[in-house]
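The values are calculated or read from the model by the stated rules, or taken from the named source; none is laboratory data. Computed from a prediction, not measured in an experiment: that's the story for all the values here. All Cβ positions, even for glycine, are placed from backbone atoms using ideal geometry, and neighbour counts span all protein chains on display.
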Amino acid sequence: MKAIRTHAQGGPELLAYEDAPQPALRSGDALVRVVATSITKTELTWEETYRDCHGRPRIPTIPGHEFAGIVDALAPEVAAKFIHVWRYKDGTWKITRVISVDHHEAK
């Protein structure tokens, strides 16, 4: 897959559009092909952009915490057509709302 990543903490001059490994699905995951995203003007200054929730370095990192995309794959226990995903400031992503294929909301 292609992604905009940074390999060091710094400004927008360090961003690079490059190949990145496709993430593996784990329990509760959704694999989303991002078609639109943005980076806020302060996001590259947040420590959470460069560290995971345990304080370990997360480099290279893909900045951006709001996006629109297409669900390419779901973990077996997730049956959905539409999902709402939120990225917490610690860098983790979580499915916060799932709307199933028959359009009944599930949590």
Review point. SER27 versus (1) loosely packed, with under 11 Cβ neighbours inside 10 Å; (2) modelled with pLDDT of 85 or more; (3) of a type in the set (Gly, Ala, Ser): which is the lone unmet condition?
Key: (2)
Check your understanding: Restricted to the range 54-72, and to residues that are over 17 Å from HIS7 (Cβ atoms) and under 14 Å from the mean Cα position of the chain (by Cα), which residue is modelled with the lowest pLDDT?
Key -> HIS65
**Study point:** Failed item in (1) under 13 Å from the mean Cα position of the chain (by Cα); (2) in a loop (DSSP other than H, G, I, E, B), with GLY28 passing the rest
**Key:** (1)
Exercise for review: Could you grab me the full set of residues in the range 35-50 that are within 12 Å of ILE62 (Cα to Cα) and of a type outside the set (Ser, Thr, Tyr)?
Suggested key: ILE39, GLU43, LEU44, GLU48
Check your understanding: Out of all the residues in the range 10-31, which are hydroxyl-bearing (Ser, Thr, Tyr) and without any contact (Cβ under 8 Å) to a residue 40 or more places away in the chain?
Key -> TYR17
Practice item. Report yes if some residue within the range 75-82 is at positive phi and modelled with pLDDT of 55 or more; otherwise report no. Key: no
Exercise for review: Could you check how many residues of the range 30-67 are exposed (fewer than 12 other Cβ atoms within 10 Å of the Cβ), among the acidic types (Asp, Glu) and under 26 Å from VAL78 (Cα atoms)?
Suggested key: 0
